[in-house]
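What follows is one structure encoded as structure tokens, with my remarks underneath.
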There are 2 protein chains.
Amino acid sequence: MNIGLDMMGGDFAPLEAVKGLQLYLSGNLHAATLFCIGDEAQVKPLLEDAGISANAIQLIHAPEVIGYHEHPTKALKEKQRSSIAIGFHLLATGKIDAFISAGNTGAMLVGAMFSIKPIPGVLRPTISTIIPKINGGTGLLVDVGLNADCKPEQLNQFAILGSLYATHILKINHPKTGLLNVGEEEGKGNLLAQATYPLLKENTDIEFIGNVEGRDFFNDKADVIVCDGFTGNVVLKMAESIYDLTQQRGLQNDSYFSRFHYENYGGTPVLGVAKPVIIGHGISNDKAFKNMILVAEQMIETDLCGKMADTFKP
Amino acid sequence: MNIGLDMMGGDFAPLEAVKGLQLYLSGNLHAATLFCIGDEAQVKPLLEDAGISANAIQLIHAPEVIGYHEHPTKALKEKQRSSIAIGFHLLATGKIDAFISAGNTGAMLVGAMFSIKPIPGVLRPTISTIIPKINGGTGLLVDVGLNADCKPEQLNQFAILGSLYATHILKINHPKTGLLNVGEEEGKGNLLAQATYPLLKENTDIEFIGNVEGRDFFNDKADVIVCDGFTGNVVLKMAESIYDLTQQRGLQNDSYFSRFHYENYGGTPVLGVAKPVIIGHGISNDKAFKNMILVAEQMIETDLCGKMADTFKP
């Protein structure tokens, strides 16, 4: 399998991308060939310094970079020789099987939507985040910001996409799926939640366990929690800030709160597009890059996008 | 000043209500006469045990109780001799200046809306919660669940109500008011946030500082954060669960996370109704009851409801 890695994306690129690649290659079970897309003049010496042989990877020269503050659609159109544009070109033409970047999030989303395209039947792709459960497990929250306003049918699809991700990547059998709401009983909530509940209840592709509340993120009530991207984004950023607070208050070595650190989940896969696309945090470090490569590997191995396409086949 | 206290509301009533009253009376600066509304046969011996003299308070007999699972409107109508119905009657007729209960939340809201009524000009009353800031200050989040679906005009009013509460009760001069959103820039957000931003920007009754994100709850960026009640309720319950997590992970004595404990803020005032109404947590203990009495006292002393009425006067 071939995985494309944008060497130029992220605040600490290309160095941390190279170090993440080194971490990945030093592992026992690396199965993928990495296509390292970036400025040869910058990347090559770093690869050499890291002792990564030219044979171990494929270096793809990309002379341009899309910056963080560039307009996504405009930049992708005008900078066809940027690492992100080349990455999507390689993915669309089948030269690589997954594409990872910690660069301009908007450009990654535009690329995923327009050069890879949604799976037929999927109304809107979505992005999710991992939730560390207090009892050791791992949950998934979806959507965390791609779709600020949602329709009930979209949330119903996010539940399916999230459940498939939880089943095949997080290895949770029959993931319990809950609707984020303000109360436990059916009928509670805002108009969106009220209209979504009956759809989830009748959805045979998921194991719906009813409403969950803000207090249930970290317990075992649900494995997959579905909400609109506005609420999910607020929750995601609040969880990140809680991690920072626990660090400030002396829990640096706490085994539970350490799991909140973004590097442990690496990046956010775009769910519902036809091929694996993973977007990294801007501050991605070596461990985050390694973990994104591992997630991409799993998405390819399990043919997650194919399974999603099967589920949405009319 | 006269403050009505429902002795029968809360999981540990009437004992914790009596103990809270005792705590309040043992303080140096208690300024209010407490009207203790409840079943005389249950409350009187507890008051005696607590050494609270019959002269120190007014005991108002209420032979009925509205249970947690009763339908609010129906129960208020049918149980006119319940502690909550009597409390609102005393408040509406001016016998008491504020009413506190940790009982049926729905019944408290129905009573606040229909026997006390919103301040003229206020579209929808709201409820808020205190946010402990990492640097020692205190912020306010509004709405936290009364209004699951909101209109921009309502959020704009919540900003005013929240700012007045922050100014007069939290004693923050010119509280910085932010709009909860998914990004910093104007134009970001769901349709509600996009439409609310320009209203807040032009609102001369508040000090609007722009959008804030999920990562900004605990820092000093904003004193008052405005959002719809769906998002606010999720955030409130998540914050409560974070407190539980920190307790489980060995931060029992942490001076910052201890401030997350509900007992420290006691209850939730209903903002935007004509008289002070405070709703307590179902699990309210003595300290929570004492703190609710202190908040009611401050709301009366500062004539917060009168100031709100002045602000909304056309």
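A few remarks follow.
- Size of electric dipole in the stretch B:133-198: Cβ of Lys, Arg +1 and of Asp, Glu -1, about Cα centre, debye, nearest 20: 300
- Across peptide B:223-233, the average count of Cβ atoms from other chains found within 10 Å of a residue's Cβ is 4.
- Distances between copies at residue B:137, taken between label points 7 Å from Cα along the C-beta direction, are 4.0 nm in increasing order.
- The HN-Hα couplings worked out from phi for the stretch B:152-161 by the Karplus form 6.51 cos²θ - 1.76 cosθ + 1.60 (θ = phi - 60°) are x, 4, 5, 4, 4, 6, 4, 4, 5, 4 Hz, whole numbers, x standing for Gly and Pro.
- Annotation for the stretch B:53-136: chymotrypsin sites (Phe, Trp or Tyr not before Pro) lying in DSSP loop with at most 16 further Cβ atoms inside 10 Å of their Cβ are B:68.
- Efficiency of FRET from Cβ geometry, residue B:55 and residue B:117, R₀ 41 Å, rounded to 0.05: 0.75
- Using a Förster distance of 41 Å, the FRET efficiency for residue A:301-residue B:11 (Cβ separation, nearest 0.05): 0.20
- Residues whose placed amide H lies under 5 Å from that of residue A:138, excluding near-sequence neighbours: A:133
- For the residues of B:239-247, the average number of beta carbons from a partner chain within 10 Å of their own beta carbon is 5.
- Label-point gap, in nm, between residue B:40 and residue B:244 - each point 7 angstrom along Cα→Cβ: 4.1
- Whole-Hz couplings from phi, Karplus 6.51/-1.76/1.60, listed for the stretch A:71-84; x for Gly and Pro: 5, x, 5, 4, 5, 4, 6, 7, 10, 5, 9, 7, 4, 5
- Dipole-positive endmost among A:226, A:187, A:255 within the stretch A:123-263 (Cβ charges, Cα centre): A:255
- Efficiency of FRET between residue B:26 and residue A:153 - r from beta-carbon atoms, R0 60 angstrom, step 0.05: 0.55
- Averaging 1/r across all pairs of distinct Cα atoms in chain B and inverting the result yields a Kirkwood radius of 19.8 Å.
- DSSP bridge orientation in chain B - percent antiparallel, rounded to nearest 5: 30
- Full-extension gain in nm, residue A:48 to residue A:310, via 0.36 nm per residue minus C-alpha separation: 90.0 nm
- Each DSSP beta bridge with both residues in the protein assembly as shown is either parallel or antiparallel, and the antiparallel ones are about 30%.
- Per-residue Karplus couplings for the stretch A:162-173, computed as 6.51 cos²θ - 1.76 cosθ + 1.60 with θ equal to phi - 60°, are listed in order as x, 5, 5, 4, 5, 5, 8, 9, 7, 6, 9, 6 Hz, Gly and Pro entered as x.
- Net charge dipole, the protein assembly as shown: roughly 440 debye, given to the nearest 20, about the Cα centre with Cβ charges of +1 for Lys and Arg and -1 for Asp and Glu.
- Exercise: per-residue mean of other protein chain Cβ atoms within 10 Å, A:214-221: 5
- Charge tally in the Cβ shell below 13 Å around residue A:270, where Lys, Arg are +1 and Asp, Glu are -1, residue A:270 excluded: +2
- Alpha-carbon Debye profile of the protein assembly as shown, log10 I(q)/I(0) at 0.07, 0.11 Å⁻¹: -0.50, -1.04
- Local net charge near residue A:75, Cβ-Cβ under 14 Å (Lys/Arg +1, Asp/Glu -1): 0
- Label-point distances for residue B:45 to the equivalent site in the other copies, using a point 7 angstrom along Cα→C-beta, read 8.7 nm when ranked shortest first.
Throughout, read-outs are computed from the coordinates displayed, never taken from laboratory work. These numbers come from a predicted model, not from an experiment. All Cβ positions, even for glycine, are placed from backbone atoms using ideal geometry, and neighbour counts span all protein chains on display.
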